[in-house]
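Report on the following structure.
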Amino acid sequence: MKSLYPHYDVIVVGAGHAGSEAAGAAAEIGAKTLLITMNLDAIAKMSCNPAIGGVAKGQLVKEIDALGGLMGKVADKSGVQFRILNTSKGPAMWSPRCQSDRALYSKTMRLELEKKNNLHFRQDNVVDVITTEDGKRAKGVRTATGQVFQAQSVILTTGTFGNGLMHIGDTNFGGGRSGERASIGISAALEDLGFEVGRLKTGTPPRIDGRSIDLDQLEVQYGDEEPTAFSFMTDSLPTREEQLTCWIGDTNEEVHDVLRSGFDRSPMFNGTIESTGPRYCPSIEDKINRFSDKNSHQLFLEPEGWNTYEMYLNGFSTSLPEDVQYKALRTIPGFEDAVMLRPGYAIEYDYFPPYQIRRSMETKITEGLFFAGQINGTTGYEEAACQGLMAGINAARKVQGEDEFILKRSEAYIGVLIDDLITKGTEEPYRMFTSRAEHRILLRQDNADLRLTELGHKIGLASDERYNQFAEKKKAIDELHDLLADYTVYPEKMDPMLKENGTSTLSQPVKAKTLIPRPELSIRNIMEADSELKDKALEITTNELVFEQVEIQIKYAGYIEKEFEMVKEMKKQEDTLIPESLDYDKIESLSAEGKQKMDRIRPETLGQASRISGVSPSDVSVLMVYLKN
Ligand code: FAD
């Protein structure tokens, strides 16, 4: 195998959201890395909505950032509007989201990657994975230009490009996403190696010229008064006045009638598209078909960036024929003169059912080959990015002879996502929800740094600067905690404030901390009522995030304690490793279904085995006894 080029430690194929994080992480922790992608001008391109974060996805971004990844930083630098969602609920549900400048996001990610010393770039189309003759060890890749690139680890992050087939009504054509060609070759090569390949589908709405919309007919949606950053390192964001606005509109029965008129030519309904799409991100035709009793659906008109009139019509994803899309669009109130810049479309693509990878993201069939992102059956930039980060870390650590870096379900949403994928698999595009995390009280967006920055620093990913900032914050949190636990407040100073906030007055002096669990009160209220306490607290820190953190920790202490207890109970199962070569057939008392499922999935821990559907609690007990002996 001859190559013009140097031997790399890690090759990352594809520079989408997974590939960018993978390449950034591998290079940062010292692996000589090559990022090969079809179009170097489309690094971390947002294929669909120009937005980062949202419910549960925002938590993923904060975790990526806390570990030292790039998405949070890049999102902050390219955001045009910032909001925290779910603020009416408890802090476990608060989720940051931003509207992004699509082009700026891509440019900023490229700039961040170009800062990495060990990272090299190549524009090319990978058509084959090179392995040892028996297919058991990855050695590099071959590209469409006939070049060979060698490496010890190869990470595939080809997204929606694998044998991509796009649909608009009864027209279909090959492509990886609008304006870009499909990736042909890799899927067949992997099938030859013994990988199972499946098909999934997703779709996107038309893009609109914002100048053609009568915005007076829509409801305006502003960003937050005090915007919140994704990155723990960001110190300034655009003010609310500087941020761009979004707009809310609605479909109506007339719009639905127009859409229905195209159903007979819809690839979704006439059998052309057979693969499954994201249930929680349905197309507009799917919505009016499934929820036929609803005579209106909400639409969000979102800016695509600071310097463009192009807008994204969130909620109107469609693959209906273009004439139907156009007519339906112009029937929406406010959209009577709408100019459509790009029609909506659906895309079918290859994915590799994720029971074929391990917790480290390395494939079970071919050592040194890793998969990350949409190729594993997920959907979403954030879901892809966090997998890329973990694959990049582990591919580099493998080359360096270090242990695998695994996050548990109790440590991070990232751990939940990977465990779900490899344990439960996915037959429809997988997206993250807060409900998927059983320990979500612990996995809040506000404490991602407290959970993960130390780990990120230990593996060489989180910078010293990040670590020092985190250590300072942690120290301030501890000191503020101690102050509130030690400091006595008296009825004379507190009672007027307590009355004002509608909560009961004090009958005797108490420690300041004991007042914080009252829902009506914040640390700030108590500080304002006692200037000595205020001075002492401000001497410790002026960082608002420290006050927020201590307040959450005290207010929700009961729930948090309980959750920690549960994690402790489950730790034994999570830490009990199952040998990879275990012959389940030999364990007589296992149920037939348990044997079959575990043989296919090959769980790495007893905890993982217990979450496989079809593996009963008695199977887990049998396995536990067997492993003990
Ligand atoms: P991608 O972002 O797809 O990036 C893949 C990268 O690999 C690209 O840079 C490509 O050039 C490169 N590449 C591919 N093959 C090769 C090769 N052989 N050689 C070299 N480079 C290669 N997500 C949502 O959450 N909600 C949605 O509603 C939604 N709708 C979508 C609609 C459409 C039409 C599309 C295309 C995607 C949609 N997504 C949606 C998904 C979202 O775009 C992806 O989840 C996310 O981009 C996946 O990231 P990734 O890094 O895995 O892959």
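Overview of values
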{"item": "Per-pair calculated FRET efficiency, R0 = 51 Å: residue 294 and residue 621 via Cβ, rounded to 0.05", "result": "0.60"}
{"item": "Above-threshold pairs, the threshold being 24 Å between Cα atoms, out of 77/534; 475/534; 45/115; 473/534", "result": "77/534"}
{"item": "Paramagnetic label zone (point 7 Å from Cα along Cα-to-C-beta, residue 337; backbone N under 14 Å) in the range 251-289", "result": "none"}
{"item": "Computed FRET value (nearest 0.05) for residue 575 with residue 196, which takes r as the C-beta separation and R₀ as 30 Å", "result": "0.50"}
{"item": "Residue 214 accessible area, 1.4 Å probe, all protein chains in place, Å² to nearest 10", "result": "60"}
{"item": "Residue order for 235, 583, 65 - accessible surface, 1.4 angstrom probe, largest first", "result": "235, 583, 65"}
{"item": "Within the chain, percent of DSSP bridges classed antiparallel, to nearest 5", "result": "70"}
{"item": "For residue 195, net neighbour charge (Lys/Arg +1, Asp/Glu -1) across residues whose Cβ lies under 11 Å away", "result": "-3"}
{"item": "Projected label distance in nm at residue 269 and residue 327, using a 7 Å step from Cα toward the beta-carbon", "result": "1.3"}
{"item": "10 Å-binned pair-distance histogram of the chain (Cα, whole percent)", "result": "3, 15, 24, 24, 19, 11, 4, 1, 0"}
{"item": "Using alpha carbons only: equivalent-ellipsoid semi-axes of the range 60-120, gyration tensor based, whole Å", "result": "26, 15, 5"}
{"item": "Formal net charge of residues neighbouring residue 496 (Cβ-Cβ distance under 13 Å; K, R +1; D, E -1)", "result": "-3"}
{"item": "Accessible surface of residue 76 - all protein chains present, 1.4 Å probe, nearest 10 Å²", "result": "10"}
{"item": "Contour minus Cα-Cα distance for residue 557 and residue 545 (0.36 nm per residue)", "result": "2.6 nm"}
{"item": "Solvent-accessible surface (1.4 angstrom probe) belonging to residue 467, in square angstrom, nearest 10", "result": "60"}
{"item": "Local electrostatic count at residue 430 - Lys and Arg +1, Asp and Glu -1, tallied over other residues with Cβ under 13 Å", "result": "-1"}
{"item": "Accessible-area ranking of 572, 57, 474, largest first, probe 1.4 Å", "result": "572, 474, 57"}
{"item": "Added length on full extension, which subtracts the Cα-Cα distance from 0.36 nm per residue, residue 111 to residue 261", "result": "49.3 nm"}
{"item": "Mean-position separation - Cα centroids, the range 256-270 and the range 548-593, in angstrom", "result": "47"}
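The values are calculated or read from the model by the stated rules, or taken from the named source; none is laboratory data. From a predicted model like this one, the values you see are computed outputs, not experimental measurements. Positions of Cβ are generated from backbone atoms using ideal geometry, with glycine treated the same way; all protein chains shown enter the neighbour counts. Heads up: the accessible areas ignore ligands, DNA and RNA and are worked out on the full protein's heavy atoms, side chains in. Shrake-Rupley method; radii C 1.70, N 1.55, O 1.52, S 1.80 Å.
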